[in-house]
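K.L.:
Okay, handing you the structure first.
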Amino acid sequence: MTGQVTMVTGKRNRGGGWALSGLAWVVGLLFVLPVLWMVLTSFHAETDAAKNPPDLAAPLTLDGFRSFFDSGPWPSIANSLTASILSTVLVILLAFPAAYALSIKPVKKWTDVMFFFLSTKMLPVVAGLLPIYLFAQFAGLLDNIWLLIVLYTSMNLPIAVWMLRSFLAEVPVEILEAASVDGAGLTRTLRSVVAPVVTPGIASAALICFIFSWNELLFARVLTGTVAQTAPVFLTGFVTSQGLFLAKVCAASLVVSLPVLIAGFAAQDKLVQGLSLGAVK
C-alpha cells in the first residue's frame with residue numbers, strides 16, 4: 001500500500017514538474033520573441049519592415065546597419081561605455097567596504113542605514129531633475145560626461161550595497177578568523193580573502209549597475225547635448241517628423257544592445273559559481 005502511494009505521489013510530482021517546465025518555456029519565449037523580431041526586422045528593408053501584416057519571407061539586407069553606421073554613432077557609444085564602466089567601477093569600490101561594514105562587521109542600527117539606502121530609490125527621478133540641472137548649469141557641467149558618471153554612481157550605489165550585503169552575510173566566519181590569526185589587516189582581508197569568496201556577488205552587482213547605467217535615458221537626455229551624448233539619446237534621434245524608420249531603429253537597437261549582451265555572457269560563469277565553494281577546507 002505504501003509503495004502504491006509512493007508511486008502515485010512520484011507520478012504527480014513528475015507531472016507537476018513537466019507543467020512547470022512547460023510554463024517556464026512559454027514565459028521564456030514571450031520574453032525572447034520580441035528580441036528575435038527586432039533582429040529579423042533589422043535585416044529587412046524599410047518597405048518590408050513597415051508592412052502590416054509583416055512579411056516573414058521578405059529578402060534580407062544590411063541597409064539598416066549601413067544607414068546606422070553612416071550616421072556616426074561611435075562618439076555616443078564611446079560616451080556610454082565610459083560612463084557605464086567608470087561608474088560601475090566606482091560603485092563596486094564604494095559599495096564593497098560599505099556592505100562589509102553592514103554585514104560582517106555590522107554597525108549600530110544597521111537596519112536604519114539599509115533603510116536609508118533603500119529610501120533614496122523611492123524618490124522619482126524626475127523630481128530631482130530640475131535641481132540637478134540648475135546645479136549643473138551653475139557649475140558649468142552641462143554636456144559633461146563626468147556629471148553622468150557621478151550621477152550614475154550615486155544612483156546605483158544603494159542597489160550595489162544591498163546586493164553585496166546579502167552575499168557578504170553568508171561569508172564563513174572561519175576564513176575571517178584564519179585571516180586574523182595570520183595577521184592580515186582589513187585591506188588585505190577585503191582584497192585577498194573576502195573578495196575572492198564573493199566574486200559571484202561582485203559580478204552580479206557590477207552587471208546590474210552596468211545595465212542600469214547603459215540604459216539610463218532621462219538624465220542623459222536633459223543634461224547632455226552633443227559632446228557627452230550617450231547611445232540611448234542617440235537612438236531617440238531616429239524618431240523624426242518624417243516618421244519612424246523601423247528597420248534602421250531595430251538595427252541601431254541591436255548594435256547598442258551588444259555591449260550589455262557581451263557583459264552578460266562574460267559574467268555568466270561567475271554568476272553560477274557557489275558563494276564559498278572551496279573557501280573552507
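The values are calculated or read from the model by the stated rules, or taken from the named source; none is laboratory data. The structure displayed is predicted, hence computed values, not measured ones. Positions of Cβ are generated from backbone atoms using ideal geometry, with glycine treated the same way; all protein chains shown enter the neighbour counts. Calculation scope for accessible area: heavy atoms of the full protein, side chains included, ligands and nucleic acids excluded. Shrake-Rupley method; radii C 1.70, N 1.55, O 1.52, S 1.80 Å.
K.L.:
Taking the options L142, L190, L148, name whichever one is outside any loop (DSSP other than H, G, I, E, B), at pLDDT 85 or above and assigned by TED's automatic domain parsing to the domain that holds W214.
P.N.:
Going through L142, L190, L148 in turn, just one is outside any loop (DSSP other than H, G, I, E, B), at pLDDT 85 or above and assigned by TED's automatic domain parsing to the domain that holds W214: L148.
K.L.:
Does T236 satisfy the condition of being closer than 30 Å to L142 by Cβ, of a type in the set (S, T, Y) and open to solvent by 30 Å² or more (accessible area, probe 1.4 Å)? Give the derivation first.
P.N.:
Numbers: closer than 30 Å to L142 by Cβ: yes; of a type in the set (S, T, Y): yes; open to solvent by 30 Å² or more (accessible area, probe 1.4 Å): yes.
Judged against the criteria, T236 is a match.
K.L.:
Something else about it: Kindly provide the set of residues from region 90-112 that are part of a helix (DSSP H, G or I) and in contact (Cβ under 8 Å) with a residue 24 or more places away in the chain, ordered by number. I'd like the intermediate steps shown before the answer.
P.N.:
Here is the first cut: in region 90-112, the ones part of a helix (DSSP H, G or I) are 90-103, 110-112.
Within region 90-112, L90, V91, I92, L94, A95, F96, P97, A98, A99, Y100, L102, S103 meet the criteria.
K.L.:
Give the residues of region 177-210 that are open to solvent by 30 Å² or more (accessible area, probe 1.4 Å) and over 28 Å from the mean Cα position of the chain (by Cα), sorted by residue number.
P.N.:
Matches in region 177-210: E177, A178, S180, V181, D182, G183, G185, L186, R188.
K.L.:
Turning to a different aspect of this structure: Given (1) touching a residue at least 12 places away in the same chain (Cβ under 8 Å); (2) under 21 Å from I211 (Cβ atoms), identify the lone condition not met by L190.
P.N.:
It fails just one condition, (2).
K.L.:
Same structure, new question: Looking at (1) assigned to a loop (DSSP other than H, G, I, E, B); (2) among the hydrophobic types (A, V, I, L, M, F, W, C); (3) surrounded by fewer than 11 Cβ atoms within 10 Å (Cβ to Cβ); (4) at pLDDT 80 or above, find the lone condition where F31 falls short.
P.N.:
(1)
K.L.:
Given the residues L94, L86, L90, L56, which is the only one that is open to solvent by 80 Å² or more (accessible area, probe 1.4 Å) and within 30 Å of I202 (Cα to Cα)? Reasoning before the result, please.
P.N.:
Values: L86 fails: open to solvent by 80 Å² or more (accessible area, probe 1.4 Å); L90 fails: open to solvent by 80 Å² or more (accessible area, probe 1.4 Å); L56 fails: within 30 Å of I202 (Cα to Cα).
The conditions single out L94.
K.L.:
Kindly evaluate E216 against the criterion of being open to solvent by 70 Å² or more (accessible area, probe 1.4 Å) and either assigned by TED's automatic domain parsing to the domain that holds L102 or over 28 Å from A263 (Cβ atoms) (or both).
P.N.:
Working: open to solvent by 70 Å² or more (accessible area, probe 1.4 Å): no; either assigned by TED's automatic domain parsing to the domain that holds L102 or over 28 Å from A263 (Cβ atoms) (or both): yes.
In short, no.
K.L.:
Return only the number of the condition from (1) part of a loop (DSSP other than H, G, I, E, B); (2) without any contact (Cβ under 8 Å) to a residue 12 or more places away in the chain that K121 does not satisfy.
P.N.:
Just one mismatch for K121, condition (2).
K.L.:
Among the numbered conditions (1) at pLDDT 85 or above; (2) open to solvent by 30 Å² or more (accessible area, probe 1.4 Å); (3) closer than 26 Å to P158 by Cα, tell me where V39 comes up short.
P.N.:
Only one criterion is unmet by V39, namely (3).
K.L.:
Just to check your reading of the model, which residue among T230, T236 is at pLDDT below 85 and either outside the structural domain of L141 (by TED's automatic domain parsing) or closer than 23 Å to I85 by Cβ (or both)?
P.N.:
Values: T230 fails: at pLDDT below 85.
Of T230, T236, the one residue that is at pLDDT below 85 and either outside the structural domain of L141 (by TED's automatic domain parsing) or closer than 23 Å to I85 by Cβ (or both) is T236.
K.L.:
To continue, here is another question. Taking region 151-165 only, how many residues are surrounded by fewer than 17 Cβ atoms within 10 Å (Cβ to Cβ) and touching a residue at least 40 places away in the same chain (Cβ under 8 Å)? Break it down stepwise before answering.
P.N.:
Kept after step one, since they are surrounded by fewer than 17 Cβ atoms within 10 Å (Cβ to Cβ), are these residues of region 151-165: 154.
Subsequent filtering for residues that are touching a residue at least 40 places away in the same chain (Cβ under 8 Å) retains none.
Total satisfying the criteria: 0.
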